[in-house]
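Working notes, beginning with the structure itself.
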Amino acid sequence: MISLRYHVVSIGAVFLALALGVVLGSTTLSDSLLSGLSGQKAQLGEQVADLQTQRNALNAQLGNADRFATGIGPLAVRGLLSQRTVVLITTPNVTQSDQDGLTELLKASGAQVTGQLRLTDAFSDPNRADQLDSMVTQLIPAGAQLPVASDAGTLAGGLLGDLVLLNKTTNKAQATSAERSSAFTGLASAGFLEPVQQLQPAQLAVVLTGVAQTGSTAGDHATMLARFATQLQRSGAGTVLAGAAGSATGSGPLGVVRADGSADSILSTVDDADTAAGRIVTVLALHDQLAGKAGAYGTAGNASAPAPQPTAS
């Protein structure tokens, strides 16, 4: 007869066997899992090392290309803007090296840089658009007419176009020295411009900006600068809007221009002006503006070509 003690011992033996099985099974599984993870870690480490090697090689190639473009730049643009005058307009996010590099290349092309206009963050701030509108209407030179528009970018482009650019037909100043000084002082006092030093009107303009802004008002800033540059193009013999990599996105001023057929058809844009090659393209685009040609140049996906087509001799 099977006793109760026998049943208890049997059940205990079953549970002990199960416990031993679980322990042995989990130990084997853990060893297999750790072995597999170690193998994956080694593979990922090799992939990371390969990617770093590729990145370093690409950076070296870019560095060599930039040094080559820097060296060849003055020769590539020599004489293109001989006897021409250019004013440089910059936004606060432009680096000093990009600004200096473009200025030197403009001079190498034969152009005379007549001065620089430094815009502030307030200039494109949507929260201050009404104040800028009001100041523009007060500071317009006698006899000048503002464009028929309601946005601050176009109106500011109409005012500053008359102040910093020569009439494209007569090649004469569109405002007196006193009118320019009064307007610059007023806009600087309100915080829309940095104080202006010895700026003379020019035939051509380059609006140089940096990477696209981020945040909830980035689109408004970009739209304002895009419309400002477009109106400048209408005020003189030609304008190029040049930006750093990333400026041609939807939240960047170049992206806004390129998405607007009416602006893109007259205003040239260059989306890699933070490189030596892009600065060369900016000068080439400015030269094409004199012939009434416009294009979207650079390396961004919405560019129409890397650079203007060479003119047939």
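The values are calculated or read from the model by the stated rules, or taken from the named source; none is laboratory data. Computed from a predicted model, the values in this text were never measured in an experiment. Quick reminder, even Gly has a Cβ in these numbers, built from the backbone with ideal geometry, and neighbours come from all protein chains shown. Heads up: the accessible areas ignore ligands, DNA and RNA and are worked out on the full protein's heavy atoms, side chains in. Shrake-Rupley method; radii C 1.70, N 1.55, O 1.52, S 1.80 Å.
In angstroms, what radius of gyration and Dmax does segment 143-186 have, counting Cα atoms only?
Answer for segment 143-186, Rg first and Dmax second: 10.7, 28 Å.
Roughly what would the spin-label model give for GLN112 and ARG234, points 7 Å off Cα along C-beta, in nm?
Result for the modelled spin labels: 2.9 nm.
Once neighbouring chains are kept in place and the probe is 1.4 Å, which whole percent of the accessible area of segment 87-178 is contributed by carbon and sulfur?
On segment 87-178, the fraction of accessible area on carbon and sulfur atoms equals 47 percent.
Just subtract the alpha-carbon distance of ALA122 and SER97 from 0.36 nm times their residue separation and send over the number in nm, one decimal.
6.7 nm
Over the alpha-carbon set of segment 163-239, divide Rg by the Kirkwood Rh and report the Rg/Rh ratio to two decimals.
In segment 163-239, Rg relative to Rh is 1.01.
Quickly work out the ALA188-to-ASP133 label distance, labels modelled 7 Å from Cα along the C-beta direction, and quote it in nm with one decimal.
2.8
Quick one: which residues, 5 or more positions from ALA212 or on another chain, have an amide H under 5 Å from its amide H? H modelled 1.01 Å from N in the peptide plane, none for Pro or chain starts.
Hits under the 5 Å cutoff: SER247.
Can you tell me which lysines have their Cα less than 30 Å from the Cα of LYS293? Leave out same-chain residues fewer than eight positions away.
Candidates past the 8-residue exclusion: LYS107, LYS168, LYS172.
Using only the Cα atoms, work out Rg/Rh for segment 74-195, with Rh taken as the Kirkwood radius, to two decimals.
With Rg and the Kirkwood Rh in hand, the quotient comes to 1.00.
At 0.36 nm per residue, and after removing the present C-alpha to C-alpha distance, how many nm does the segment from GLN198 to SER32 gain when stretched out fully?
Gain on stretching GLN198 to SER32: 52.1 nm.
Could you work out the local net charge near PRO74, counting Lys and Arg as +1, Asp and Glu as -1, over the other residues with Cβ closer than 13 Å to its Cβ?
+2
Using a 1.4 angstrom probe, figure out how much accessible area segment 259-313 has per residue, in square angstrom, rounded to the nearest whole.
It amounts to 44 Å² per residue over segment 259-313.
Under a plain spin-label model, where a point goes 7 Å from the Cα along Cα-to-Cβ, how far apart in nm are LYS168 and SER181?
For LYS168 paired with SER181, the spin-label model returns 3.1 nm.
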